[in-house]
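Peer 1: I have a structure I would like to understand better, so I am pasting it below and will then ask my questions one at a time.
The values are calculated or read from the model by the stated rules, or taken from the named source; none is laboratory data. Owing to the predicted nature of the structure, the values given are computational and were not obtained by experimental measurement. No Cβ is skipped: glycine too gets one built from the backbone with ideal geometry, and neighbour counts run over all protein chains shown. For accessibility, only protein heavy atoms count, side chains too; no ligands or nucleic acids. Shrake-Rupley method; radii C 1.70, N 1.55, O 1.52, S 1.80 Å.
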Amino acid sequence: MSFLPNPSLQITADHQIKLVEAPIHSPGKGEVLLQIKATGVCGSDLHFWKTGRIGELVFHGDCIIGHEAAGVVLKVGEGVTDLKPGDRVAVEPGVPCENCFLCDDGRYNLCEDVQFAGVYPYAGTLQRYKVHPAKWLHKLPPNLSYLDGALLEPLSVVMRGIQVAHIELGRGVVVCGAGPIGLIAASAARASGAHPVVITDIDASRLAFAQTFLPSAVTYQINPKLDAQGNAKAIRTLFGEGEYCAPDRVLECTGVESSIVTAAFTARRGGIVVVIGVGKAEMNNLPFMHLSLAEIDLKFINRYRDTWPPAMAVLDAGLLDLKPLVSHTFPLERAKEALELCADRGTPSIKVTIVDDVDATAALGDMGISGTASASAPATARI
C-alpha cells in the first residue's frame, strides 16, 4: 500500500513549530481515513505554540495541531455505511467519551474525556492524512467548498455564544474584537436580528475591514488613554441616551482581560456578557461588585454542541458568507510559514487557511479501493 508523503505541522513542548513527516494510520471500526483539504489557523493554535497551554490543556510533548477542517473521504473502516470514498466532509474535531453524565445529558461539549483534534496528545488536522470517527464527520452540501467547511468550526463557536447570549430581534449587541471570531459573531448577531451591532477593537485596520465585511455595523476604536469605564461610556453613547438604550448583550471575543472589564461596564444593568475569547488562566481585575450590583450575567462557553448541521444550513442558504474572511491561503508544505504570519502583528491578516490541492486519490488504487468520487461531490472540488 503506497501513499503520498504526509507532512504535518507540530508544536513541541518547548514552544517550537516544525513541519515533519507523520505516520499514516488505517481506519479502524467506525472510522474514516481522510485527506484534509483545508484547515484554518485558530488563535488557540497560537496560544499553544507560544505558551504551551490553555488553562488545564497542556502540551507535554510534540503534537500535530489544527482543528478547523474539511476534507475528502479516502477509505472507510468496518461498520461505516453512511460515508464512502469521494464524499466531502467537514470535521467536527471533538470526540467525546459518550459514557459520562454530561454526554448522557447531551452536553458533550463539556465532556472531560473528549479527544479533541490538535490538543495534546490527539493529532490535529494540519496533515495530509487523518483518521477520524465517521460519527463526527458531516457531509458538505454540493454548494459549499472546502474553505466553507473549514469555517464551520469557528462559526460553531459563535453559534454557541449566540445561544448562550439569547440574542433578541431588535436588541443592540456589542462585539468586542474584530478578529475572525468577532467578525463572525457580529455577522451572526446581525443575521439573528440584533440592531444596532457595534464592533470594537484597538486596531484601526481591523475595524476598517469590519466595516467592509459588515457595512451595517458601527465600529468603535478602543482608546488606550481611557480606562475601561471611559471606553464603555463612549461605546454606550452609540446606542442612544439613557440606561435603557445601553446594550443588554455583549459578546467578548478577545479573551483579553481589559476587554472583558470594558465589556462588563458596557452592558446595561441586568444585561448579559458572554466571554467567547480565550484568555489567561486567571484574571484579577474583574469588577466583581459592579457585576453583582448591576446583576450583569457573566457567562462563558466551551466550544459547541449540535451546531454543524445548522451551521451548514446557514452557509448553504447564503444567510452568511464567511469566505471574505480568508485573507491568506498557504499550501500544506508552507504551513509553518502560515502560522508565523498569524503571529506577526506587523503583517495584517484575518483568517489564514492551509490548503492541500494535491490529489491524494492517485494513491487509492494501491489502497485497494476506487478513487472515483460521486458526481455530486467530486474529490477535486474547488477549494
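Peer 1: I'd like to know which of Ala69, Phe48, Ala123 lies farthest towards the positive end of the charge dipole of the range 1-137, counting +1 on Cβ of Lys and Arg and -1 on Cβ of Asp and Glu.
Peer 2: Towards the positive end, the residue furthest out is Ala69.
Peer 1: Let me have the 222 nm mean residue ellipticity of the chain computed from DSSP H runs of 4+ only, each contributing -39500 (n - 2.57), with the sum over all residues rounded to the nearest 500.
Peer 2: -7500 deg cm²/dmol
Peer 1: At Leu226 and Ala313, where each label point lies 7 Å from the Cα along Cα→Cβ, what is the point-to-point distance in nanometres?
Peer 2: 4.0 nm
Peer 1: Order the peptides 336-346, 262-272 from the highest to the lowest mean number of other Cβ atoms within 10 Å of their residues.
Peer 2: Highest to lowest by the protection proxy: 262-272, 336-346.
Peer 1: A follow-up question, please. Take the alpha-carbon centre of the range 21-42, take the same for the range 295-337, and report the distance between them in whole Å.
Peer 2: After rounding, the separation between the Cα centres reads 20 Å.
Peer 1: Relative contact order for the chain: what is it in percent, counting Cα pairs under 8 Å that are at least 6 residues apart?
Peer 2: Relative contact order, the chain: 19 percent.
Peer 1: On to the next question. As a test of reading the structure, rank Arg249, Arg190 by solvent-accessible area (1.4 Å probe, protein chains only), most first.
Peer 2: Arg190, Arg249
Peer 1: Which of these, Leu293, Leu83, Leu320, has the largest mean-square fluctuation under a Gaussian network model of the chain (Cα springs below 10 Å)?
Peer 2: In the Gaussian network model the winner is Leu293.
Peer 1: What share of the DSSP beta bridges in the chain is antiparallel, in percent to the nearest 5?
Peer 2: 60 percent
Peer 1: Right, here's the next one. Expressed as a whole number of Å, what is the distance separating the alpha-carbon centroids of the range 183-225 and the range 266-289?
Peer 2: Computed from Cα coordinates, the inter-centre distance equals 19 Å.
Peer 1: Nothing charged except the Cβ atoms of Lys and Arg (+1) and of Asp and Glu (-1): what's the magnitude of the dipole of the chain about its Cα centre? Round to the nearest 20 debye.
Peer 2: In total the dipole reaches around 600 debye.
Peer 1: Could you check which residue among Met283, Met159, Met312 shows the biggest mean-square fluctuation in a GNM of the chain with a 10 Å Cα cutoff?
Peer 2: With Cα springs under 10 Å in the chain, the top fluctuation among Met283, Met159, Met312 is at Met283.
Peer 1: For the chain, compute Rg over Rh where Rg is the Cα radius of gyration and Rh is the Kirkwood radius from the inverse mean 1/r over Cα pairs.
Peer 2: A ratio of 0.98.
Peer 1: Quick one: among Leu137, Leu214, Leu315, which has the greatest mean-square fluctuation in a GNM of the chain with alpha-carbon springs under 10 angstrom?
Peer 2: Leu214
Peer 1: Now a separate question. For the range 215-327, what is the charge dipole size about the Cα centre, in debye to the nearest 20, if Lys and Arg each add +1 at the Cβ and Asp and Glu each add -1 at the Cβ?
Peer 2: Once rounded to the nearest 20, the dipole reads 120 debye.
Peer 1: Something else now. Got the relative contact order for the range 258-298 handy, in percent, Cα pairs under 8 Å and 6 or more residues apart?
Peer 2: It rounds to 56 percent for the range 258-298.
Peer 1: When only C-alpha pairs under 8 Å and at least 6 residues apart count, what is the relative contact order of the range 181-306, in percent?
Peer 2: RCO, the range 181-306: 18 percent.
Peer 1: Once the Cα atoms of helix 146-165 and of the chain are each reduced to a long axis, what angle between those two axes, in degrees from 0 to 90 to the nearest 10, is obtained?
Peer 2: The angle comes out at about 40 degrees.
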